[in-house]
Structures are given as C-alpha cells and as structure tokens.
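The values are calculated or read from the model by the stated rules, or taken from the named source; none is laboratory data. The structure presented is a predicted model; accordingly, all values stated were derived computationally and were not measured. Neighbour counts run over all protein chains shown; Cβ positions are idealised from the backbone, glycine included.
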Amino acid sequence: MKQRIIKFKAWDRNSAKFIGWFRMLKDGFGSYLNNVHYKVLQFTGLKDKNGKEIYEGDIIKTLFMGQKGIIIGEVIWADSGFFVGYKEYKDDLFPWSFYKVVEVIGNKFENPELLKGVKE
C-alpha cells in the first residue's frame with residue numbers, strides 16, 4: 001500500500017512569498033491556521049509530468065478527457081477532494097481521473113493572469 005504524503009505550504013500575504021512545510025513545522029503549524037496573514041495550501045500527493053509537486057492553488061495545463069486541445073485550470077480543494085476548475089466549465093469541478101498529462105505552470109498568487117475567467 002502506497003502512503004500518501006500529507007504536507008502544506010502557506011502564502012504569506014504580507015511578504016507575497018511562500019513559506020515551506022519545514023518552516024511551518026518549526027514555527028508551529030497551528031500559528032498559520034486561521035491567521036488572516038496566511039493562506040495554507042495542501043499538497044495533493046501528486047506530481048506533474050516534470051516531477052513538480054502539485055498543491056491547492058496551483059495553475060495547471062492539461063488535457064481533459066474527451067476534449068481536444070489543452071486547458072488551463074486551478075487546483076481546488078472541495079468536498080474532501082482535489083478538483084480542477086477552469087473557465088470552459090464555470091459551474092462544474094472535475095476530479096483528477098478526468099485529466100491526462102498535467103503540468104504546473106504557476107499558481108493563483110504569483111500568476112493570477114493565467115486564470116482569466118477561471119472559476120474560484
């Protein structure tokens with residue numbers, strides 16, 4: 001049985017930088033939760049085609065099953081699972097099993113321009 005790695009990173013709204021998991025553990029993980037200065041983001045347990053870890057809030061480029069062409073979407077935590085939201089389907093979120101060849105191209109904090117029209 002494969003173990004799922006559970007870890008987080010946080011977006012520091014004051015410095016506009018990410019804080020890594022090890023620093024969060026050192027500082028006391030709880031100090032980042034429910035703090036208006038930080039947005040805590042969970043690791044999906046998955047990596048993209050280049051080996052980059054995929055977190056909530058990442059922007060991915062992917063192929064959607066049954067569709068032609070590449071789409072851009074945001075990794076979202078909803079209803080106890082990770083989904084992808086993107087502008088072509090504003091009212092729906094689709095689970096990972098609908099996607100192939102995922103590549104992280106940015107995140108919603110540092111690259112919001114990549115999400116033009118994508119569902120929040």
Here is a check on your reading of the model: is Trp77 aromatic (Phe, Trp, Tyr) and either modelled with pLDDT of 85 or more or assigned to a loop (DSSP other than H, G, I, E, B) (or both)?
no
Residue check, Lys100 against (1) of a type in the set (Lys, Arg); (2) part of a strand (DSSP E or B); (3) at pLDDT 90 or above, all met but one. Which one?
(3)
Check whether at least one residue in region 11-31 is within 18 Å of the chain's Cα centre (by Cα), of a type outside the set (Lys, Arg) and on the phi > 0 side of the Ramachandran plot, and report yes or no.
yes
Any residue at all in region 86-94 that's at pLDDT 85 or above and buried (at least 19 other Cβ atoms within 10 Å of the Cβ)?
no
Have a look at Ile105, Ile19, Ile71, Ile60 and point out the one that is more than 19 Å from Arg4 (Cα to Cα), modelled with pLDDT under 85 and of a type outside the set (Phe, Trp, Tyr).
Ile71
Subset of region 32-49 [within 16 Å of the chain's Cα centre (by Cα), in contact (Cβ under 8 Å) with a residue 12 or more places away in the chain and either more than 15 Å from Asn107 (Cβ to Cβ) or assigned to a strand (DSSP E or B) (or both)]:
Tyr38, Lys39, Val40, Leu41, Gln42, Phe43, Thr44, Gly45, Leu46, Lys49
Would you be able to tell me the number of residues in region 11-65 that are over 30 Å from Lys100 (Cα atoms), crowded, with 17+ Cβ neighbours inside 10 Å and among the hydrophobic types (A, V, I, L, M, F, W, C)?
1
